[in-house]
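The values are calculated or read from the model by the stated rules, or taken from the named source; none is laboratory data. Given the structure is predicted, the values throughout are model-derived calculations rather than measurements. Using ideal geometry, Cβ is built from the backbone for each residue, glycine included, and neighbour counts are taken over all protein chains shown.
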Amino acid sequence: MAPSISLDHTTPAVVPESNQTPAAFAPANDLFSLAGRTVVITGGGRGLGMTLTTAVLEAGGDVACLDLLPEPSPEEWVAVQKLAKSRGLQATYTKCDITDETATKELLEKISADALQRKMPMRGLITCAGIQQMVPALDYPVEGYRKMLDVK
């Protein structure tokens, strides 16, 4: 007869510690809640940034979107504003070059102060800003790489 594999441990049917953890009984919405918070999203003018804007609103948080674009994608922004309004939340958009450290710092301080007034303190940052260059990697200029790193 071939040797059998036996486990040197067993898992109990009930793990007492899990019954003592608040997360064991919390609804999923509470576990992933951003209620009472404002989240800043760079690259929030379209695409991934706009998708994450929607996710933050769905999780109960206010959103402050920043992007180089003069204005956000109109169709996506209408949907974001509709969602924010339906949940009693706020989504704002500000044109911002995040590589300008002084201007970005001033803007973040303003967002933070406004958020505190609404009792929705700034408690998160999602960095989606990016630079897309359709250039072969070997031909990409060093300054392009530096700018890309500054944005992230």
List the number of the failed condition for L149; all other conditions in (1) among the aliphatic types (A, V, I, L, M); (2) in a helix (DSSP H, G or I); (3) modelled with pLDDT of 80 or more hold.
(3)
Among (1) more than 14 Å from the chain's Cα centre (by Cα); (2) farther than 30 Å from R146 by Cβ - the single one C96 does not satisfy:
(2)
Only one of (1) in contact (Cβ under 8 Å) with a residue 24 or more places away in the chain; (2) touching a strand residue (DSSP E or B) at 6+ places or on another chain (Cβ under 7 Å) does not apply to Q81, and that is (1)
